[in-house]
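Worksheet: one structure, shown below.
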Amino acid sequence: MSLDSFADRVALVTGGSRGIGRGIALELARSGAAVVFSYRTSPEGAEQTRKEIEQSGGQATALECDVADLEAVQGLVASVQERHGRLDIVVNNAGITRDQLIARMKPEDFDDVIATNLRGTWNLCRTALRPMLRARWGRLINLSSVIASMGNPGQSNYAASKGGIEALTRSLAQEVGSRGITVNAVAPGFIETEMTRGLSDEVRAGLLDRIALGRLGSVEEVARTVRFLASEDAAYISGQVIHVNGGMA
């Protein structure tokens with residue numbers, strides 16, 4: 001796929017101030033898209049992402065947004081349309097964790113994770129569909145996780161939110177496919193990010209034993225999968241969960 005294949009496309013990426021979200025924003029910008037990305041708690045990280053994109057010759061705008069707030073999401077999409085007049089690609093990447101064994105987990109920790117991860121994805125899908133339906137073209141790409149398939153102790157809230165995202169993806173794909181809109185999910189495994197770099201040597205060794213390829217994945221490998229799903233090359237792929245986990249599950 002040529003790097004200018006998204007030259008006329010506008011992409012919105014949530015949670016783009018760091019990690020996988022930053023990698024996706026950079027990848028789409030390198031491929032020619034005008035990128036708007038949201039952040040919630042890290043204006044410094046957002047500014048770094050914006051600078052990296054612009055230094056590589058891309059277009060980027062950073063906007064603050066809490067995706068759990070429907071009105072805020074509606075304002076975010078309105079801002080994208082005011083700036084660019086269209087919205088073609090949406091990547092629901094924003095997510096949080098509140099890990100704890102279920103017997104000790106506070107109800108608000110469950111609610112917060114569901115609100116941001118699952119409800120936030122629903123909020124943006126619902127809002128972004130309006131311009132996509134008018135254009136009769138669109139790409140909705142939702143970030144799930146290997147945890148949705150295999151589970152993980154202490155992450156019942158996170159696993160439930162990601163499993164819900166996968167079910168949402170399959171259902172929504174059936175609703176909007178006739179209008180030229182595809183809906184897919186990407187489920188990363190354990191990826192080299194700030195979070196995984198903090199793992200102890202013992203935990204890391206245990207993870208590597210479970211991964212067929214014997215290494216953690218890279219942000220770029222996830223971002224390239226998202227780029228593929230956003231492209232015309234993936235025009236006949238919808239309602240799918242694409243696993244990027246090195247053979248872990």
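Identify the single condition in (1) hydrophobic (A, V, I, L, M, F, W, C); (2) open to solvent by 10 Å² or more (accessible area, probe 1.4 Å); (3) over 25 Å from PRO188 (Cα atoms); (4) in contact with a strand residue (DSSP E or B) (Cβ under 8 Å, 6 or more places away or on another chain) that ALA62 does not satisfy, given that it satisfies every other one.
Evaluating ALA62 over (1) hydrophobic (A, V, I, L, M, F, W, C); (2) open to solvent by 10 Å² or more (accessible area, probe 1.4 Å); (3) over 25 Å from PRO188 (Cα atoms); (4) in contact with a strand residue (DSSP E or B) (Cβ under 8 Å, 6 or more places away or on another chain) leaves (3) as the failure.
Any idea which of ASN142, ASN157 is open to solvent by less than 10 Å² (accessible area, probe 1.4 Å) and under 15 Å from the mean Cα position of the chain (by Cα)?
Criteria check complete, one pass: ASN142.
Kindly indicate whether any position in segment 45-58 is of a type in the set (Ser, Thr, Tyr) and either within 13 Å of the chain's Cα centre (by Cα) or surrounded by fewer than 22 Cβ atoms within 10 Å (Cβ to Cβ) (or both).
Checked against the condition, which is being of a type in the set (Ser, Thr, Tyr) and either within 13 Å of the chain's Cα centre (by Cα) or surrounded by fewer than 22 Cβ atoms within 10 Å (Cβ to Cβ) (or both), segment 45-58 yields at least one hit.
Please pick out the residue among GLY164, GLY177 that is within 14 Å of TRP122 (Cβ to Cβ) and either small (Gly, Ala, Ser) or part of a loop (DSSP other than H, G, I, E, B) (or both).
GLY164 is the lone residue from the list that is within 14 Å of TRP122 (Cβ to Cβ) and either small (Gly, Ala, Ser) or part of a loop (DSSP other than H, G, I, E, B) (or both).
Look at ARG22 and say whether it is open to solvent by 10 Å² or more (accessible area, probe 1.4 Å), of a type outside the set (A, V, I, L, M) and closer than 22 Å to ALA128 by Cα.
yes
Collect the residues in segment 66-108 that are surrounded by 14 or more Cβ atoms within 10 Å (Cβ to Cβ), over 20 Å from the mean Cα position of the chain (by Cα) and hydrophobic (A, V, I, L, M, F, W, C), keeping them in residue-number order.
MET105
Name the single residue, out of those in segment 109-136 being open to solvent by less than 10 Å² (accessible area, probe 1.4 Å) and without any contact (Cβ under 8 Å) to a residue 60 or more places away in the chain, that is farthest from ALA68 (Cα to Cα).
MET132
Kindly list the number of the only condition in (1) open to solvent by 30 Å² or more (accessible area, probe 1.4 Å); (2) at pLDDT 95 or above; (3) under 25 Å from VAL113 (Cα atoms) that fails for THR41.
Status for THR41: all satisfied but (2).
Out of ILE191, ILE237, report the one residue that is in contact with a Ser or Thr (Cβ under 8 Å, 6 or more places away or on another chain), farther than 11 Å from SER144 by Cβ and open to solvent by 20 Å² or more (accessible area, probe 1.4 Å).
After applying the criteria, what remains is ILE237.
Among (1) crowded, with 22+ Cβ neighbours inside 10 Å; (2) hydrophobic (A, V, I, L, M, F, W, C); (3) farther than 21 Å from VAL222 by Cα, where does ALA205 come up short?
(1)
Out of ILE191, ILE147, ILE141, I need the residue that is touching a strand residue (DSSP E or B) at 6+ places or on another chain (Cβ under 7 Å) and within 14 Å of ASN245 (Cβ to Cβ). Which one?
Answer to the selection: ILE191.
State which residue pairs qualify: first residue on the phi < 0 side of the Ramachandran plot and inside segment 72-94, second residue assigned to a loop (DSSP other than H, G, I, E, B) and among the hydroxyl-bearing types (Ser, Thr, Tyr) in any location, beta carbons under 9 Å apart, and separation of 6 or more residues or different chains.
VAL73/THR14; LEU76/THR14; VAL90/THR14; VAL91/THR14; ASN92/THR14; ASN93/THR14; ALA94/THR14
Can you list the strands (runs of 3 or more DSSP E) found entirely within segment 1-120 that contain at least 2 residues being out of contact with any Phe, Trp or Tyr (no Cβ under 6 Å at 6 or more places or on another chain) and hydroxyl-bearing (Ser, Thr, Tyr)?
34-39
Residues of segment 137-147 being under 13 Å from VAL186 (Cβ atoms) and either without any contact (Cβ under 8 Å) to a residue 40 or more places away in the chain or assigned to a strand (DSSP E or B) (or both), which ones?
Across segment 137-147, the qualifying residues are ARG139, LEU140, ILE141, ASN142, LEU143.
The values are calculated or read from the model by the stated rules, or taken from the named source; none is laboratory data. Keep in mind the model is a prediction, meaning the values are calculated, not measured. For neighbour counting, all protein chains shown are included, and Cβ atoms are generated from backbone atoms with ideal geometry for every residue, glycine included. Calculation scope for accessible area: heavy atoms of the full protein, side chains included, ligands and nucleic acids excluded. Shrake-Rupley method; radii C 1.70, N 1.55, O 1.52, S 1.80 Å.
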